[in-house]
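Step one of this worksheet: look at the structure below.
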There are 2 protein chains.
Amino acid sequence: MYNTNFINMKIAVAKGDGIGPEIMDATLKIFSAAKVPLEYEFVDMGKWVFDKGFSNGMTPEARLTIEGLGILFKGPMETPKGKGVKSVNVTARKTWNTYANKRVFQTLHGVDTVFSKAGIPIDITIVRENIEDTYGGIEHMPTHDVALSRRFITRPGSLQVIKYAFEMAKKKGTKRITCGHKANIMKLTDGLFLECFYEVAKQYPELKSDDVIVDDLCMKLVTRPDAFDVIVLTNLQGDIVSDLCAGLVGGLGFAPSANIGDHISIFEAVHGTAPDIAGKNIANPTALLLSGIAMLRHLGLMEQAAIIENSLLYSLEQGIHTGDFGGKETRSKNTTEFADAIINNFGKNPEHGARPVLSNMPVTATMFKLDHNPMLVSKEMDEEKIVGVDMFIESAEQPEVIAKKCQRHAGVKFNLINISNRGTQVWPTGSVYTNLVNQYNVRFESIDGEPLNQQDVIGLYVSLSGNFKICSSELLNLFGEKKAYSLAQGQ
Amino acid sequence: MYNTNFINMKIAVAKGDGIGPEIMDATLKIFSAAKVPLEYEFVDMGKWVFDKGFSNGMTPEARLTIEGLGILFKGPMETPKGKGVKSVNVTARKTWNTYANKRVFQTLHGVDTVFSKAGIPIDITIVRENIEDTYGGIEHMPTHDVALSRRFITRPGSLQVIKYAFEMAKKKGTKRITCGHKANIMKLTDGLFLECFYEVAKQYPELKSDDVIVDDLCMKLVTRPDAFDVIVLTNLQGDIVSDLCAGLVGGLGFAPSANIGDHISIFEAVHGTAPDIAGKNIANPTALLLSGIAMLRHLGLMEQAAIIENSLLYSLEQGIHTGDFGGKETRSKNTTEFADAIINNFGKNPEHGARPVLSNMPVTATMFKLDHNPMLVSKEMDEEKIVGVDMFIESAEQPEVIAKKCQRHAGVKFNLINISNRGTQVWPTGSVYTNLVNQYNVRFESIDGEPLNQQDVIGLYVSLSGNFKICSSELLNLFGEKKAYSLAQGQ
């Protein structure tokens, strides 16, 4: 039945916290019964690793093992709260540059939802950028009252994930690929992402590509989810839309997740660790199993992936369920029984969505040792000039008082252009009805658009610091003729 | 029937673009028939005002009129694309500090949705912060490849909207008030918002207050929307969640919107201008009418508000509809006919959700002339020290090369602590599998935590600028013992 000549590959496995170990054991038991030709190297990651004092939630040995094997299969993990440490899940995705988070949301027969009852079929794939956005976690409080998070979107980072999405969509035979964004408000950041989307789209004329503003997208997803196919988004918006879509098909317990990178990929369940039911052998392993099936396909193990998935879908159709879903008229199975039922149904095909059992495609491990960090840099297209600087200063004074002081510091190189507060212009024109906080953005531009150098900026910085605490500064760049900075509201 | 002794108040009205004028005319016709004691001063805002060369989409006269009257009732408006100008809707909200966007989403009988068919009743009020977040629109491109948006959340701004939400919830008789956020990732910004939420919650022990992470919230809203009552969120997340909720009840055409400030409030329809059907007298005026009803209540015109709302709900229950919704078996009405039907049904009560007809409560205009901008500043709680600086530099070199150069610039005041790229630490430790872009964040801290002054930072700036282009900088502050900055991923 199976092609057992397939050479065993080794992957890293982290069982996770809470219900992690039991759903991972159930999944690996199914893999074993299906004769999946994989070997597992178990690694130390998760809450108990934080507790041991490793501030990124993994041991150095775990990191080296995963980097050596290139594939991590992981259960849910918890990050300790209130210790200032960052999520181990996010650290893993970012450190190893798994730039594309792919999540598939499909109607599962046997899992009732409002939409399944309304007869609306769902088959949506979300590709979420996985590294950038506010997930950079670069935050500062310039004053007691003001907290800032830097949201960055880069051209090479956007191109990586968008190219992946188009290539995946093409292989899948997708008709439509949609970019979700908020470029009407975040014109430079989401504008860049959208520009990259249409740049890549040109290479895929056979796919219908379009875009939709993210709030509108969410409205449409709860009214006509069947209109969408593949959707690519930036990180936070993709996070929100993914979980919305999970809700459409029954929740996080039914949605697989793959984090794809060029060197390392991570397959995981994204639901929580459910500490309240941990160790009771009642957790639902479906999401982790579906993620495992996606991993098998990624590794070319098409045959085992199809057999397991068909059996899972068949079992769900038959009403087999754990305690968290399914009909009340049939007894729910515990985690082990659920896994056994799937094993018993190997070879059975579901009525809906049966997968063809393809032959395995030998995958050569794509691992190659890197000896330095890959630098993603676009060709510079336009000449770059510094034409001004935004100075973010702390002050509780009125705008015109600040303006007077700043004009004295402008010197012979700069003009004071405007002053804004929370992005709204308050000088030279504005409204007294604009409420202020104690950080202003003071914009200086060069006289007559003359190019500036860093020494000019430093001169202004030194002078201005005589009157104000400068919390932050940002250069104003001109790329060719294009202003690489936004105007203030009302400017 | 009506209390006609009520003194006529004057409000500003902007009809808007596209279908704006026809739905506004229909709404004002209904108001007139209900003897709403309001006078209208029509003001110039919208696309055609941009086209005339006013870069904020309103004439100076419009601004002064609205500031003088304190209430703006507006139709949908369009912002010209590709001219670099900002949305007139957002400009209005920010300039006049309408800090709370209140949107009510209720099941309307006669408007079929997946959820109404499933018998899930919806009554959710979203209060969205309306000024801050990335809606500040403060964006820069420090390099050709990197775009940055500053997301800021302030303590006084958060307190304003959260206090409004609790006060509104209390008046409404709400049982539950929920804060939606992403504080697990944006620990300082959304962490501050969440902290303010629970600070205000202490003053309302009679309300059940809780919080939920925004992606989880969206999943729950599409599975169990009836579990929620009032939800308060930051700006972008609130925008997304609002439109999701609009979808739950039938779309933007059925959801009112009020922008509440201390001095000026704006009532508007948030759907688009629908230029394709403009001028055809077929647009659905329900959202604008519902916004108008909310405005009447805001002005104490409880009697007219209830009569109009009861008639609207009754008419919808009777199957009266415009072309965009309702049963295909009854002829749809055009905009004027729809308005007339509501006028004809004055005095009728709906089967579901009838409003009691309360007496009007004389409202004294709350307008008072401001002669300067209100400054919202919290009492400083902790001593503030500068303990370092983050320097954002442009470079395509490897981390260890940058580290060597930076260490030479650290001098006698600073230690080079770490280097990160897109928020992930790459020096002193890191992974070669982390992909880089051409902007690094180089973190310097003072030796032994000694307090620094601006001159120390300037000294470092000057020295470092000999080797690097410094795109941006950010001070590292210590408030009391609390670090007012985030760690890098992996730090």
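The values are calculated or read from the model by the stated rules, or taken from the named source; none is laboratory data. Quick caveat, the model's predicted, so the values are computed rather than measured. A quick note on method: Cβ atoms are made from the backbone with ideal geometry, for glycine too, and the neighbour counts reach across all protein chains shown. We work out accessible area using only protein heavy atoms, side chains counted, and drop any ligands, DNA or RNA first. Shrake-Rupley method; radii C 1.70, N 1.55, O 1.52, S 1.80 Å.
A:GLY191 passes every criterion in (1) of a type outside the set (S, T, N, Q); (2) assigned to a helix (DSSP H, G or I); (3) in contact with a strand residue (DSSP E or B) (Cβ under 7 Å, 6 or more places away or on another chain) apart from (3). Screening A:ILE120, A:ILE126 for residues that are surrounded by fewer than 22 Cβ atoms within 10 Å (Cβ to Cβ) and either in a loop (DSSP other than H, G, I, E, B) or more than 7 Å from chain B (Cβ to nearest Cβ) (or both) leaves exactly one candidate, A:ILE120.
Screening B:MET45 on (1) touching a Phe, Trp or Tyr at 6+ places or on another chain (Cβ under 6 Å); (2) within 30 Å of A:LYS220 (Cα to Cα) shows it passes everything except condition (1). Restricting the stretch A:59-81 to residues that are touching a helix residue (DSSP H, G or I) at 6+ places or on another chain (Cβ under 7 Å) and free of Cβ contacts under 8 Å to residues at least 60 places away in the same chain, the residue that is most open to solvent (accessible area, probe 1.4 Å) is A:THR79.
Conditions tested, residue by residue: (1) of a type outside the set (D, E, K, R); (2) under 30 Å from B:ASP44 (Cβ atoms).
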site: B:ASN97; (1), (2): yes, yes
site: B:ASP112; (1), (2): no, no
site: B:ILE120; (1), (2): yes, no
site: B:ASP123; (1), (2): no, no
site: B:GLU129; (1), (2): no, yes
site: B:GLY137; (1), (2): yes, yes
site: B:GLN160; (1), (2): yes, yes
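In the stretch A:130-149, the residues that are more than 7 Å from chain B (Cβ to nearest Cβ) and assigned to a loop (DSSP other than H, G, I, E, B) form Cβ pairs under 8 Å with partners that are open to solvent by 10 Å² or more (accessible area, probe 1.4 Å) and charged (D, E, K, R), at six or more places apart or across chains, as follows: A:ASN130/A:ARG93.
Is one or more of the residues making up the stretch A:102-109 within 10 Å of chain B (Cβ to nearest Cβ) and either under 30 Å from A:SER472 (Cβ atoms) or in contact with a Pro (Cβ under 9 Å, 6 or more places away or on another chain) (or both)? Scanning the stretch A:102-109 turns up no residue that is within 10 Å of chain B (Cβ to nearest Cβ) and either under 30 Å from A:SER472 (Cβ atoms) or in contact with a Pro (Cβ under 9 Å, 6 or more places away or on another chain) (or both).
Whenever a residue of the stretch A:13-35 is under 13 Å from A:PRO76 (Cα atoms) and among the basic types (Lys, Arg), its partners that are part of a helix (DSSP H, G or I) and open to solvent by 10 Å² or more (accessible area, probe 1.4 Å), lying with C-beta atoms within less than 7 angstrom and at least six residues away or across chains, give the pairs A:LYS15/A:PRO21. Looking only at the stretch B:340-354, decide whether some residue is farther than 30 Å from A:SER87 by Cβ, at pLDDT 90 or above and among the basic types (Lys, Arg). Looking through the stretch B:340-354, at least one residue is farther than 30 Å from A:SER87 by Cβ, at pLDDT 90 or above and among the basic types (Lys, Arg).
Yes/no per residue for (1) modelled with pLDDT under 95; (2) touching a Leu at 6+ places or on another chain (Cβ under 7 Å); (3) more than 10 Å from chain A (Cβ to nearest Cβ):
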| site | (1), (2), (3) |
| --- | --- |
| B:LYS52 | yes, no, yes |
| B:LEU69 | yes, no, yes |
| B:LYS74 | no, no, yes |
| B:THR79 | yes, no, no |
| B:ASN89 | yes, no, yes |
| B:LYS94 | yes, no, no |
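Taking residues in the stretch B:269-284 that are among the polar types (S, T, N, Q), and partners anywhere that are assigned to a loop (DSSP other than H, G, I, E, B), the pairs with Cβ atoms closer than 6 Å and at least 6 places apart or on different chains are B:THR273/B:ASP17; B:THR273/B:GLY18; B:THR273/B:PRO76; B:THR273/B:GLU78; B:ASN281/B:ASN334; B:ASN284/B:THR322; B:ASN284/B:ASP324.
Within the stretch A:318-339, the set of residues being in contact (Cβ under 8 Å) with a residue 60 or more places away in the chain and surrounded by fewer than 18 Cβ atoms within 10 Å (Cβ to Cβ) comprises A:GLN318, A:GLY319, A:ASP324, A:THR336.
Is one or more of the residues making up the stretch A:33-46 within 30 Å of B:GLU481 (Cβ to Cβ) and more than 14 Å from chain B (Cβ to nearest Cβ)? Taking every residue of the stretch A:33-46 in turn, at least one turns out to be within 30 Å of B:GLU481 (Cβ to Cβ) and more than 14 Å from chain B (Cβ to nearest Cβ). Quick check: anything in the stretch A:445-466 open to solvent by 40 Å² or more (accessible area, probe 1.4 Å) and facing chain B (nearest Cβ under 8 Å)? Yes, there is a match, as at least one residue in the stretch A:445-466 is open to solvent by 40 Å² or more (accessible area, probe 1.4 Å) and facing chain B (nearest Cβ under 8 Å).
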